[in-house]
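**Student:** Can you read through this structure? Questions will come right after.
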Amino acid sequence: MPLFRCDPCGSYFESVRALQNHGKTSPRHVIDYGRRCLQCGSVYSSPASLIQHYVESPLHYYCSQCNEHFDRDSDYVSHKLYRHNGSNAVRDAPNNVNSNVSPDATWYCTECNLVFQSREDLYTHWKSFTHAAQQYTCPGNDCSKTFGTPSAVIQHLESGACASGMTRQGVNRMAIAADRGAVITDRARIAADNERLSIPEPVATTAWFNGSSYECIICHRTCRTLVGLNRHLRSPAHSEKIFKCPRQWSGCGKAFNTLSGLVQHVESGVCGVRKF
(Lines give C-alpha, C1' and ligand atoms only; values in the text may rest on other atoms or scores of the structure.)
Protein backbone atom coordinates (compact mmCIF):
# COMPACT_ATOMS: atom_id res chain seq x y z
CA MET A 1 0.00 0.00 0.00
CA PRO A 2 1.42 3.42 -0.93
CA LEU A 3 2.18 5.90 1.84
CA PHE A 4 1.44 9.60 1.53
CA ARG A 5 3.82 11.98 3.26
CA CYS A 6 2.94 15.30 4.86
CA ASP A 7 5.73 17.50 3.58
CA PRO A 8 5.63 20.13 6.38
CA CYS A 9 5.87 17.69 9.30
CA GLY A 10 7.15 14.44 7.76
CA SER A 11 4.26 12.22 8.94
CA TYR A 12 3.07 9.35 6.74
CA PHE A 13 -0.52 8.28 6.01
CA GLU A 14 -2.13 5.35 4.21
CA SER A 15 -4.38 7.50 2.01
CA VAL A 16 -4.72 11.05 0.72
CA ARG A 17 -7.98 11.34 2.65
CA ALA A 18 -6.16 10.54 5.90
CA LEU A 19 -3.51 13.10 4.99
CA GLN A 20 -6.17 15.76 4.35
CA ASN A 21 -7.89 14.97 7.67
CA HIS A 22 -4.51 15.37 9.37
CA GLY A 23 -4.21 18.83 7.83
CA LYS A 24 -7.64 19.84 9.12
CA THR A 25 -7.06 18.73 12.71
CA SER A 26 -3.34 19.20 13.36
CA PRO A 27 -2.49 22.40 15.30
CA ARG A 28 0.67 22.62 13.17
CA HIS A 29 -1.28 23.10 9.95
CA VAL A 30 -4.53 24.76 10.97
CA ILE A 31 -3.19 28.29 10.29
CA ASP A 32 -2.56 27.74 6.58
CA TYR A 33 -4.97 24.85 5.95
CA GLY A 34 -6.85 25.61 2.75
CA ARG A 35 -3.82 27.35 1.23
CA ARG A 36 -1.04 24.78 1.71
CA CYS A 37 -0.58 21.60 -0.34
CA LEU A 38 0.48 19.06 2.27
CA GLN A 39 1.97 16.70 -0.32
CA CYS A 40 4.08 19.35 -2.08
CA GLY A 41 4.58 21.72 0.85
CA SER A 42 3.74 24.78 -1.29
CA VAL A 43 1.61 27.61 0.16
CA TYR A 44 -0.78 29.47 -2.15
CA SER A 45 -2.32 32.93 -1.92
CA SER A 46 -5.88 31.65 -1.66
CA PRO A 47 -7.93 28.43 -1.41
CA ALA A 48 -8.90 28.93 -5.07
CA SER A 49 -5.23 28.90 -6.10
CA LEU A 50 -4.67 25.72 -4.09
CA ILE A 51 -7.61 24.03 -5.83
CA GLN A 52 -6.24 25.11 -9.22
CA HIS A 53 -2.95 23.45 -8.23
CA TYR A 54 -4.78 20.22 -7.33
CA VAL A 55 -6.57 20.23 -10.69
CA GLU A 56 -3.53 20.98 -12.86
CA SER A 57 -0.75 19.07 -11.07
CA PRO A 58 0.00 15.53 -12.36
CA LEU A 59 0.83 14.59 -8.74
CA HIS A 60 -2.77 14.92 -7.57
CA TYR A 61 -5.92 12.99 -8.45
CA TYR A 62 -8.56 15.52 -7.44
CA CYS A 63 -12.20 15.93 -8.45
CA SER A 64 -13.04 19.63 -8.18
CA GLN A 65 -16.75 18.91 -8.65
CA CYS A 66 -16.88 16.79 -5.48
CA ASN A 67 -13.86 18.29 -3.66
CA GLU A 68 -12.53 14.76 -3.30
CA HIS A 69 -8.97 13.41 -3.45
CA PHE A 70 -8.03 9.94 -4.74
CA ASP A 71 -4.97 7.79 -4.07
CA ARG A 72 -4.50 6.53 -7.63
CA ASP A 73 -5.21 7.70 -11.15
CA SER A 74 -7.41 4.65 -11.81
CA ASP A 75 -9.59 5.46 -8.78
CA TYR A 76 -9.93 9.06 -9.94
CA VAL A 77 -10.87 8.19 -13.53
CA SER A 78 -13.29 5.46 -12.41
CA HIS A 79 -14.99 8.10 -10.24
CA LYS A 80 -15.21 10.53 -13.17
CA LEU A 81 -16.53 7.84 -15.50
CA TYR A 82 -19.39 6.77 -13.27
CA ARG A 83 -20.13 9.89 -11.22
CA HIS A 84 -19.63 12.52 -13.91
CA ASN A 85 -20.03 10.56 -17.16
CA GLY A 86 -16.34 10.73 -18.00
CA SER A 87 -15.94 14.51 -18.15
CA ASN A 88 -12.26 15.53 -18.13
CA ALA A 89 -11.43 12.06 -16.85
CA VAL A 90 -8.03 11.53 -18.37
CA ARG A 91 -5.06 13.80 -18.84
CA ASP A 92 -3.27 13.89 -22.20
CA ALA A 93 -0.98 10.94 -22.78
CA PRO A 94 2.77 11.72 -22.84
CA ASN A 95 4.83 11.33 -26.01
CA ASN A 96 6.57 8.13 -24.84
CA VAL A 97 3.30 6.28 -24.32
CA ASN A 98 3.28 2.61 -25.35
CA SER A 99 0.26 2.33 -27.65
CA ASN A 100 -1.03 -0.34 -29.98
CA VAL A 101 -4.03 1.78 -31.02
CA SER A 102 -4.52 5.11 -32.77
CA PRO A 103 -1.85 7.70 -31.94
CA ASP A 104 -4.74 10.14 -31.40
CA ALA A 105 -6.18 8.05 -28.55
CA THR A 106 -6.05 9.87 -25.21
CA TRP A 107 -7.55 7.48 -22.65
CA TYR A 108 -4.37 6.92 -20.69
CA CYS A 109 -3.39 4.60 -17.83
CA THR A 110 -0.56 6.30 -15.93
CA GLU A 111 0.32 3.13 -14.01
CA CYS A 112 1.07 1.05 -17.12
CA ASN A 113 1.97 3.88 -19.53
CA LEU A 114 -0.64 2.59 -21.98
CA VAL A 115 -3.16 4.53 -24.04
CA PHE A 116 -6.60 3.30 -25.15
CA GLN A 117 -9.07 4.24 -27.87
CA SER A 118 -12.09 4.66 -25.59
CA ARG A 119 -12.95 5.02 -21.93
CA GLU A 120 -14.63 1.59 -22.03
CA ASP A 121 -11.35 0.01 -23.21
CA LEU A 122 -9.49 1.79 -20.42
CA TYR A 123 -11.94 0.62 -17.78
CA THR A 124 -11.78 -2.96 -19.11
CA HIS A 125 -8.00 -2.75 -18.80
CA TRP A 126 -8.30 -1.70 -15.15
CA LYS A 127 -10.65 -4.60 -14.37
CA SER A 128 -8.30 -7.10 -16.01
CA PHE A 129 -5.78 -9.17 -14.08
CA THR A 130 -3.13 -6.63 -15.07
CA HIS A 131 -4.46 -4.54 -12.19
CA ALA A 132 -5.23 -7.44 -9.89
CA ALA A 133 -2.41 -9.13 -8.01
CA GLN A 134 0.68 -7.11 -8.85
CA GLN A 135 3.08 -10.03 -8.49
CA TYR A 136 5.77 -9.28 -11.09
CA THR A 137 8.41 -6.74 -10.10
CA CYS A 138 10.28 -4.73 -12.73
CA PRO A 139 13.91 -5.96 -12.90
CA GLY A 140 15.19 -2.54 -13.97
CA ASN A 141 17.73 -0.67 -11.87
CA ASP A 142 16.19 1.89 -9.50
CA CYS A 143 12.68 0.66 -10.33
CA SER A 144 10.40 -1.25 -7.96
CA LYS A 145 7.12 -1.08 -9.88
CA THR A 146 5.00 -4.23 -9.86
CA PHE A 147 2.67 -5.56 -12.55
CA GLY A 148 0.04 -8.23 -12.97
CA THR A 149 1.59 -10.06 -15.94
CA PRO A 150 5.01 -10.63 -17.52
CA SER A 151 3.85 -8.84 -20.68
CA ALA A 152 2.93 -5.76 -18.62
CA VAL A 153 6.47 -5.69 -17.19
CA ILE A 154 7.93 -5.89 -20.70
CA GLN A 155 5.57 -3.17 -21.98
CA HIS A 156 6.75 -0.95 -19.14
CA LEU A 157 10.40 -1.52 -20.11
CA GLU A 158 9.69 -1.01 -23.82
CA SER A 159 7.84 2.26 -23.19
CA GLY A 160 10.95 4.06 -21.95
CA ALA A 161 9.13 5.03 -18.74
CA CYS A 162 11.24 2.77 -16.49
CA ALA A 163 13.64 4.53 -14.12
CA SER A 164 16.39 2.23 -15.41
CA GLY A 165 16.33 3.98 -18.79
CA MET A 166 15.50 0.78 -20.67
CA THR A 167 13.92 1.20 -24.12
CA ARG A 168 12.21 -1.02 -26.68
CA GLN A 169 15.48 -1.28 -28.62
CA GLY A 170 17.28 -2.37 -25.45
CA VAL A 171 14.67 -5.04 -24.73
CA ASN A 172 15.01 -6.30 -28.31
CA ARG A 173 18.80 -6.54 -28.06
CA MET A 174 18.61 -8.53 -24.82
CA ALA A 175 15.95 -10.89 -26.21
CA ILE A 176 17.94 -11.50 -29.40
CA ALA A 177 21.12 -12.21 -27.43
CA ALA A 178 19.31 -14.66 -25.14
CA ASP A 179 17.54 -16.48 -27.99
CA ARG A 180 20.63 -18.24 -29.37
CA GLY A 181 18.62 -20.94 -31.09
CA ALA A 182 16.29 -18.45 -32.83
CA VAL A 183 13.27 -20.06 -31.19
CA ILE A 184 11.29 -16.82 -30.86
CA THR A 185 13.26 -14.47 -33.14
CA ASP A 186 13.56 -14.28 -36.94
CA ARG A 187 17.18 -13.67 -37.97
CA ALA A 188 16.33 -12.43 -41.47
CA ARG A 189 13.90 -9.87 -40.14
CA ILE A 190 16.39 -8.81 -37.47
CA ALA A 191 18.90 -7.99 -40.23
CA ALA A 192 16.27 -5.95 -42.07
CA ASP A 193 15.33 -4.11 -38.88
CA ASN A 194 18.97 -3.30 -38.15
CA GLU A 195 19.25 -1.77 -41.62
CA ARG A 196 16.15 0.34 -40.92
CA LEU A 197 17.57 1.51 -37.57
CA SER A 198 20.76 2.69 -39.28
CA ILE A 199 18.71 5.46 -40.90
CA PRO A 200 17.90 8.45 -38.62
CA GLU A 201 14.33 8.37 -37.31
CA PRO A 202 12.19 10.95 -39.15
CA VAL A 203 10.46 13.74 -37.23
CA ALA A 204 7.13 14.96 -38.55
CA THR A 205 6.69 18.70 -39.15
CA THR A 206 3.85 20.90 -40.40
CA ALA A 207 5.01 20.02 -43.93
CA TRP A 208 3.43 16.59 -43.39
CA PHE A 209 -0.06 18.13 -43.29
CA ASN A 210 -2.04 17.01 -46.34
CA GLY A 211 -4.83 19.55 -46.06
CA SER A 212 -7.05 17.60 -43.69
CA SER A 213 -4.72 15.61 -41.42
CA TYR A 214 -1.06 14.79 -40.74
CA GLU A 215 0.10 11.93 -43.00
CA CYS A 216 2.96 9.51 -42.39
CA ILE A 217 5.26 9.52 -45.43
CA ILE A 218 6.26 5.92 -44.72
CA CYS A 219 2.92 4.11 -44.40
CA HIS A 220 0.48 6.96 -45.22
CA ARG A 221 -1.39 6.56 -41.95
CA THR A 222 -3.09 9.81 -40.96
CA CYS A 223 -3.37 11.47 -37.54
CA ARG A 224 -5.40 14.42 -36.38
CA THR A 225 -2.45 16.06 -34.61
CA LEU A 226 1.27 16.50 -35.19
CA VAL A 227 1.94 15.11 -31.71
CA GLY A 228 -0.04 12.00 -32.63
CA LEU A 229 1.94 11.52 -35.84
CA ASN A 230 5.29 11.82 -34.04
CA ARG A 231 4.05 9.33 -31.44
CA HIS A 232 3.24 6.99 -34.33
CA LEU A 233 6.78 7.44 -35.73
CA ARG A 234 8.33 6.55 -32.36
CA SER A 235 6.11 3.49 -31.97
CA PRO A 236 6.95 -0.01 -33.31
CA ALA A 237 4.56 0.58 -36.24
CA HIS A 238 7.36 0.54 -38.84
CA SER A 239 9.52 -2.06 -37.11
CA GLU A 240 10.08 -5.50 -38.60
CA LYS A 241 8.15 -8.31 -36.93
CA ILE A 242 11.26 -9.92 -35.49
CA PHE A 243 9.48 -12.06 -32.87
CA LYS A 244 7.50 -15.20 -33.65
CA CYS A 245 5.28 -17.64 -31.80
CA PRO A 246 7.50 -20.78 -31.73
CA ARG A 247 6.20 -23.70 -33.80
CA GLN A 248 8.71 -25.92 -31.96
CA TRP A 249 6.60 -25.40 -28.84
CA SER A 250 3.23 -26.07 -30.48
CA GLY A 251 2.87 -22.42 -31.49
CA CYS A 252 1.21 -20.90 -34.52
CA GLY A 253 4.18 -19.02 -36.03
CA LYS A 254 2.46 -15.63 -35.82
CA ALA A 255 4.92 -12.71 -36.01
CA PHE A 256 5.12 -9.68 -33.69
CA ASN A 257 7.11 -6.44 -33.74
CA THR A 258 7.50 -6.32 -29.95
CA LEU A 259 8.46 -8.88 -27.34
CA SER A 260 5.54 -7.78 -25.18
CA GLY A 261 3.18 -8.52 -28.07
CA LEU A 262 4.51 -12.08 -28.32
CA VAL A 263 4.33 -12.65 -24.55
CA GLN A 264 0.80 -11.24 -24.44
CA HIS A 265 -0.15 -13.69 -27.20
CA VAL A 266 1.31 -16.58 -25.19
CA GLU A 267 -0.50 -15.43 -22.03
CA SER A 268 -3.82 -15.38 -23.88
CA GLY A 269 -3.57 -19.08 -24.75
CA VAL A 270 -5.31 -18.51 -28.10
CA CYS A 271 -3.10 -20.88 -30.11
CA GLY A 272 -2.11 -23.56 -27.60
CA VAL A 273 1.58 -22.65 -27.50
CA ARG A 274 3.42 -23.97 -24.45
CA LYS A 275 4.31 -21.14 -22.07
CA PHE A 276 8.05 -20.53 -21.83
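The values are calculated or read from the model by the stated rules, or taken from the named source; none is laboratory data. All figures in this text were calculated on a predicted structure; none of them were measured in a lab. Note that each Cβ is placed from the backbone with ideal geometry, even for glycine, and that neighbours are counted across all protein chains shown.
**Student:** Pick from the range 230-254 the residues that are in contact with a Ser or Thr (Cβ under 8 Å, 6 or more places away or on another chain) and part of a helix (DSSP H, G or I): which of them is farthest from residue 185 (Cα to Cα)?
**Tutor:** Top of the filtered list is 231.
**Student:** If you don't mind, there's one more thing I want to ask. Scan the range 209-219 and tell me whether some residue there is in contact with a helix residue (DSSP H, G or I) (Cβ under 8 Å, 6 or more places away or on another chain) and either assigned by TED's automatic domain parsing to the domain that holds residue 150 or touching a residue at least 24 places away in the same chain (Cβ under 8 Å) (or both).
**Tutor:** Within the range 209-219 (the criterion being in contact with a helix residue (DSSP H, G or I) (Cβ under 8 Å, 6 or more places away or on another chain) and either assigned by TED's automatic domain parsing to the domain that holds residue 150 or touching a residue at least 24 places away in the same chain (Cβ under 8 Å) (or both)), the answer is no, since none of the residues qualifies.
**Student:** Hey, does the range 42-50 have a residue that's touching a strand residue (DSSP E or B) at 6+ places or on another chain (Cβ under 9 Å) and part of a helix (DSSP H, G or I)?
**Tutor:** Yes, because at least one residue in the range 42-50 is touching a strand residue (DSSP E or B) at 6+ places or on another chain (Cβ under 9 Å) and part of a helix (DSSP H, G or I).
**Student:** Which one is surrounded by the most Cβ atoms within 10 Å (Cβ to Cβ), of the residues in the range 239-262 that are among the polar types (S, T, N, Q) and farther than 20 Å from residue 195 by Cα?
**Tutor:** Across the range 239-262, the extreme among qualifying residues is 260.
**Student:** Can I ask one more? Just for the range 54-67: of the residues that are more than 21 Å from the chain's Cα centre (by Cα) and crowded, with 16+ Cβ neighbours inside 10 Å, which one is farthest from residue 36 (Cα to Cα)?
**Tutor:** Out of the qualifying residues, it is 63.
**Student:** Pull up the range 175-195, narrow it to residues that are part of a helix (DSSP H, G or I) and touching a helix residue (DSSP H, G or I) at 6+ places or on another chain (Cβ under 7 Å), then point me to the one that is nearest to residue 237 (Cα to Cα).
**Tutor:** This residue is 190.
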